[in-house]
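The values are calculated or read from the model by the stated rules, or taken from the named source; none is laboratory data. Worth saying up front: this structure is predicted, and the values here are computed from it rather than measured. Heads up, the Cβs are rebuilt from the backbone with ideal geometry, glycines too, and the neighbour counts pull from every protein chain shown. For accessibility, only protein heavy atoms count, side chains too; no ligands or nucleic acids. Shrake-Rupley method; radii C 1.70, N 1.55, O 1.52, S 1.80 Å.
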Number of protein chains: 2
Amino acid sequence: MEVMRILGVDPGLARLGFGIIERGPGDSLRHVAHGCIETEADAPLPERLQRIFHRLTELCREHQPSVMAVEELFFSRNTTTAFTVGQARGVALLAGAEAGIAVMEYTPMQVKQAVTGYGRADKRQIQDMVRILLRLSSAPKPDDAADALAVAIAHAHTGRLGELEARLAAKNRTGWVWERGRFR
Amino acid sequence: MEVMRILGVDPGLARLGFGIIERGPGDSLRHVAHGCIETEADAPLPERLQRIFHRLTELCREHQPSVMAVEELFFSRNTTTAFTVGQARGVALLAGAEAGIAVMEYTPMQVKQAVTGYGRADKRQIQDMVRILLRLSSAPKPDDAADALAVAIAHAHTGRLGELEARLAAKNRTGWVWERGRFR
């Protein structure tokens with residue numbers, strides 16, 4: 001099986017978390033890098049968006065991921081926050097598309113489910129699972145970077161399920177049936 | 001006085017309005033172009049954002065505006081709409097910044113005030129004023145394009161005030177005083 005490199009993104013304007021992992025043979029996961037893109041609150045908004053766009057473009061060139069996985073946001077304390085985060089998110093999705101890589105979106109519940117097997121896990125549980133799954137000695141900091149790694153892991157796990165489902169569908173089309181855990 | 005070309009933008013994901021005007025000698029306004037960038041609801045989000053980004057980049061190259069004026073959005077029916085519009089808006093601001101032109105933001109109230117002289121004008125009043133100020137035979141369609149022209153006009157009017165204020169400040173620094181409508 002081919003190694004897949006995934007860039008996870010937790011969108012934000014003041015601080016955008018990113019995390020890069022690899023999914024290798026036997027679904028093994030390997031940590032590559034993580035960090036934050038920060039922008040100054042007193043800088044003009046167009047400049048802040050440019051910084052996010054250019055930095056993500058650089059990360060794509062440097063690390064050559066084949067997929068960008070971005071957290072899908074539905075809720076927010078208020079619409080002003082939603083507008084602000086939405087602007088940063090739009091620029092992040094554009095950076096992935098312009099870099100020519102696949103851009104996938106995952107809801108917070110999908111991330112929780114894929115990382116911990118439990119859709120209502122709390123922030124601390126997710127960070128612990130990220131640390132354990134990537135065999136890190138301590139939880140990745142800051143939280144935004146840990147969240148970005150979680151989205152990348154979610155894609156690694158969900159993508160694998162998607163492949164199994166596709167293979168299963170192909171088997172079914174040729175007369176095979178998935179029964180009690182194997183094809184018959 | 002130099003002619004200033006302004007690209008007004010009314011952000012939206014399914015439909016983004018644009019309007020290009022010129023402010024010439026004696027603060028005269030001239031209509032150059034208006035229209036909409038539309039994206040398909042069933043297309044992937046990153047592709048829709050790319051379309052907006054590329055089309056706005058083309059418009060900047062084609063019409064060479066020196067300023068992009070964008071409506072600043074604070075309110076929305078719900079946070080999901082805010083996220084959606086925010087994403088398109090972020091990409092629009094980025095397109096202006098990447099084209100190397102000044103990007104200015106105006107609140108809906110500033111636009112109303114600058115176009116009609118009345119901060120609580122309704123949509124119809126604004127469209128009538130846009131038609132009259134640009135000497136168009138009928139109201140520009142669709143509404144998103146008319147709104148974009150209104151933002152451009154707001155910049156033309158407000159920008160003029162800003163210049164007067166800057167000149168005034170410069171005069172003050174050199175010992176001149178603005179009094180009863182002229183410098184003394």
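When nucleic acids and ligands are ignored and a 1.4 Å probe is applied, B:Glu47 ends up with an accessible area of around 110 Å².
Among the residues of A:100-107, the average count of other protein chain beta-carbon atoms within 10 Å of the residue beta-carbon is 2.
Remark: mean inter-chain Cβ contacts per residue of B:121-130 equal 0, using a 10 Å Cβ-Cβ cutoff to other protein chain atoms.
When chain A is turned onto chain B, the axis of that turn runs closest to one Cβ of chain A, and that residue with its distance in whole Å is A:Gly86, 1.
Report for region A:1-91 the percent antiparallel among DSSP-assigned beta bridges with both residues inside it, nearest 5. Around 80 percent antiparallel, to the nearest 5. Within 10 Å of the Cβ of each residue in B:48-55, the mean number of Cβ atoms contributed by other protein chains is 4.
Distances from B:Arg77 to itself in the other copies, using label points 7 Å out along the Cα-Cβ axis, amount to 2.6 nm in increasing order. Note on B:His54 and A:Glu47: with the Förster distance fixed at 30 Å, the Cβ-Cβ geometry gives a FRET efficiency of about 0.90. 3J(HN,Hα) couplings calculated from phi for region A:53-66 with the Karplus curve 6.51 cos²θ - 1.76 cosθ + 1.60 (θ = phi - 60°) are, in sequence order, 4, 5, 5, 5, 4, 4, 4, 5, 5, 5, 9, 6, x, 9 Hz; Gly and Pro show x. Our compactness index for region A:4-131, the C-alpha radius of gyration over the empirical 2.2 N^0.38 Å, is 1.07.
Neighbours of A:Val70, meaning other residues whose beta-carbon lies under 9 angstrom from its beta-carbon, give a summed charge of -3 when Lys and Arg score +1 and Asp and Glu score -1. Association of chains A and B removes close to 2300 square angstrom of accessible area from solvent, both sides included, for a probe radius of 1.4 Å. Electrostatic bookkeeping for A:Ala41 treats Lys and Arg as +1 and Asp and Glu as -1; over the other residues with beta carbon under 14 Å from its beta carbon, the sum is -1.
Distant-in-sequence amide contacts of B:Val32, defined by a placed amide H-H separation under 5 Å and a gap of 5 or more residues or a different chain, comprise B:Ile20, B:Ile21, B:Glu22.
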